[in-house]
1. For the stretch 10-61: of the residues being of a type outside the set (A, V, I, L, M, F, W, C) and in contact with a helix residue (DSSP H, G or I) (Cβ under 7 Å, 6 or more places away or on another chain), which is surrounded by the most Cβ atoms within 10 Å (Cβ to Cβ)?
2. Determine the pairs where a residue that is touching a residue at least 40 places away in the same chain (Cβ under 8 Å), located within the stretch 34-63, has a partner that is outside any loop (DSSP other than H, G, I, E, B) with Cβ atoms under 6 Å apart, the partner being 6 or more residues away or on another chain.
3. Within the stretch 19-69, can you find the residues that are aliphatic (A, V, I, L, M) and assigned to a helix (DSSP H, G or I)?
Amino acid sequence: MISVRLPEEMEARINNLAKSTQRSKSFFVKEALTNYLDDMEDYYDVLKRQNDPTRNLISLEELENALELHSQD
């Protein structure tokens, strides 16, 4: 269980959304946190991969050749 103090404006927005959709305020808070956590996990995974000295990088040209994409000059 977590308690959170929200700014009045944010609480009013959640209240209005909950009333207009007939969903609970908790539903929207959970949805927002789920989306935020997904984004943050992806972000930190990218940072981890970016700083991995064993990552295998290829050039754009190598990628295009591997996918058989050839620029039309």
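1. Our first condition is that a residue be of a type outside the set (A, V, I, L, M, F, W, C); within the stretch 10-61, this holds for 11, 13, 15-16, 19-26, 30-31, 34-36, 38-39, 41-45, 48-56, 59, 61.
Applying the additional criterion that residues be in contact with a helix residue (DSSP H, G or I) (Cβ under 7 Å, 6 or more places away or on another chain) yields 15, 24-25, 55.
Details: Asn15: 12, Ser24: 11, Lys25: 14, Arg55: 8.
Only one residue fits best here, namely Lys25.
2. Pairs found: none.
3. Hits for the stretch 19-69 are Val29, Ala32, Leu33, Leu37, Met40, Val46, Leu47, Leu60, Leu63, Ala66.
Each reported figure results from applying straightforward, stated rules to the coordinates on display, with no laboratory input. Since the structure is predicted, the reported quantities are computational estimates derived from the model, not experimental observations. All Cβ positions, even for glycine, are placed from backbone atoms using ideal geometry, and neighbour counts span all protein chains on display.
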